[in-house]
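Right, one structure below, let's go through it.
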Amino acid sequence: MEVRRVDASMLPPVLAAGTPVRLEDAGTVPRVGFVLLATDLTTERDAARLLGPAGIAFHAGRVAFENPTTPVNLRRMAPRLTEATTLLAPGTGLAAVCFSCTTGTIEIGAEAVAAAIRAVHPEVPVVTPPQAALAAFHALGAGSVALLTPYLAETTQPIVSYFTELGVDVVAARCLELADDRDMARVARESIVAAAVEADHPSAEALFISCTALPALEVLAEIESRIGKPVVSSNQACLWQLSGYAGRAVASTGYGRLLELPHFDRSRQTASPDAEGNR
C-alpha cells in the first residue's frame, strides 16, 4: 500500500466527545488472578471454560521457569514469585490469586508462596493446587486417594508425602514420566483416561490427577463414569475455590462431581487460607 505525505493542518481536529462517561463500579465484574509458569499452556484454557461463562474475569502473570520439571528447578521459582505478582493487573481489586503449580507449591512451601503473593496483594486469599485439592477431598468425603501425575517419579514422590503428612491415605501412585511441562500439556485425551483408569485403586475413595499443565479437566466426567468414584484435578480444584472467592457458581455438569457440590464456601475459610497444608 502506498504511503502518502499528509499535511496535518488539513486534517480534522480531534474533539472531546460530548457524551458523559459513566464508569461501572470496580466490583461489578469479579476478578481473579493467576501466577502461571512461563511454560504453562493449559491453565488459561481451563479457566476460560469455567470462569468465563460464570462472568468471572481472570488475569495472569508469568513467572520464569525452565524445564525439566524437577524439584530443584521448581524451587528456583521462589525468589521470582513476588515480581511476577507485581505484574498481575496492577491497581485492580482481585477476589483471589492462584499460584498455578502443584509441585511448585509443595517444593517451595505453601506459606512461602502465600507470603510472596501477599507482598503485593496483602489482603487477597491465596489459592494453590495442593491446598485446593485437600479442600476438595474433604468436601467429597474422601479420606483415601489414588494419585496420577504426568511427572517424573522424583517429582511425584513429594506429593505422596505431602498428602500423607496431612492425613490423606495415598493408597497408590503412578506417573507418566514426562520431564517437560509443555509435553504434559500435549498428552492426548485417550492417554489421560487410560492412565487414570490404570491408576485407580479399589481402596481409594477418590482419584487425584495432579498438574495444572495436564489437560485433564475435559475428561474428568468420563473418568468418573469409568471408575465409579470422584476424580479431582489440580485445575478443577483451583477453579472451584476461585469461583467461591469470586462469589459465582461455575458449570456444574461435565467437569466432575466436585463441581456438582455447592460452590466453595469462602465464608468458612480462616483469615489465613494458607494455614492448612504448609510443610
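The values are calculated or read from the model by the stated rules, or taken from the named source; none is laboratory data. The structure presented is a predicted model; accordingly, all values stated were derived computationally and were not measured. Please note: Cβ atoms are built from the backbone with ideal geometry, for glycine as well, and neighbour counts cover all protein chains shown.
Looking at ASN73, is it at pLDDT 95 or above, over 16 Å from the mean Cα position of the chain (by Cα), in a loop (DSSP other than H, G, I, E, B) and farther than 15 Å from CYS238 by Cα?
No: the conditions fail for ASN73.
Restricting attention to region 84-119, report how many residues are assigned to a helix (DSSP H, G or I) and farther than 24 Å from ASP180 by Cβ.
10
Taking region 78-112 only, how many residues are touching a helix residue (DSSP H, G or I) at 6+ places or on another chain (Cβ under 8 Å) and within 21 Å of SER161 (Cα to Cα)?
Matching residues across region 78-112 total 13.
For region 168-209, name all the residues that are more than 15 Å from THR155 (Cα to Cα) and among the small types (Gly, Ala, Ser).
Hits for region 168-209 are ALA172, ALA185, ALA188, SER191, ALA194, ALA195, ALA196, ALA199, SER203, ALA204, ALA206.
Restrict the check to region 223-234 and report whether at least one residue is on the phi > 0 side of the Ramachandran plot, of a type outside the set (A, V, I, L, M) and in contact (Cβ under 8 Å) with a residue 12 or more places away in the chain.
There is no residue in region 223-234 that is on the phi > 0 side of the Ramachandran plot, of a type outside the set (A, V, I, L, M) and in contact (Cβ under 8 Å) with a residue 12 or more places away in the chain.
Scan region 179-202 and give yes if some residue there is under 26 Å from GLU44 (Cα atoms), in contact with a Ser or Thr (Cβ under 8 Å, 6 or more places away or on another chain) and either hydroxyl-bearing (Ser, Thr, Tyr) or modelled with pLDDT under 95 (or both), otherwise no.
No - not one qualifying residue is present in region 179-202.
List every residue pair whose Cβ atoms sit under 7 Å apart, with the two residues 6 or more apart in sequence or on different chains, where the first one lies in region 30-54 and is without any contact (Cβ under 8 Å) to a residue 60 or more places away in the chain and the second, anywhere, is surrounded by fewer than 24 Cβ atoms within 10 Å (Cβ to Cβ) and basic (Lys, Arg).
Partner pairs satisfying both residue conditions: ALA38/ARG62.
For region 207-225, check the following and say yes or no: at least one residue is of a type in the set (Phe, Trp, Tyr) and farther than 30 Å from PRO68 by Cβ.
no
Can you name every residue in region 12-33 that is closer than 30 Å to ASN73 by Cα and in contact with a helix residue (DSSP H, G or I) (Cβ under 6 Å, 6 or more places away or on another chain)?
VAL32
Only residues that are hydroxyl-bearing (Ser, Thr, Tyr), farther than 13 Å from ALA133 by Cβ and surrounded by 17 or more Cβ atoms within 10 Å (Cβ to Cβ): list them for region 155-177, please.
Within region 155-177, THR155, THR156 qualify.
Looking at region 67-80, which of the residues that are out of contact with any Phe, Trp or Tyr (no Cβ under 7 Å at 6 or more places or on another chain) and among the hydrophobic types (A, V, I, L, M, F, W, C) is surrounded by the fewest Cβ atoms within 10 Å (Cβ to Cβ)?
VAL72
Sort through ALA204, ALA221 and tell me the only one that's in a helix (DSSP H, G or I) and either out of contact with any Leu (no Cβ under 8 Å at 6 or more places or on another chain) or buried (at least 17 other Cβ atoms within 10 Å of the Cβ) (or both).
ALA221
Taking region 16-51 as the search range and keeping residues that are over 27 Å from ALA179 (Cα atoms) and touching a strand residue (DSSP E or B) at 6+ places or on another chain (Cβ under 9 Å), which one is surrounded by the most Cβ atoms within 10 Å (Cβ to Cβ)?
So the residue we want is VAL32.
Which of the residues belonging to region 163-177 are in a strand (DSSP E or B) and β-branched (Val, Ile, Thr)?
VAL170, VAL171
Touching a residue at least 60 places away in the same chain (Cβ under 8 Å), farther than 20 Å from PRO90 by Cα, of a type in the set (Ser, Thr, Tyr) and in contact with a Pro (Cβ under 8 Å, 6 or more places away or on another chain): is that true of THR70 in this structure?
When the stated conditions are applied, THR70 does not pass them.
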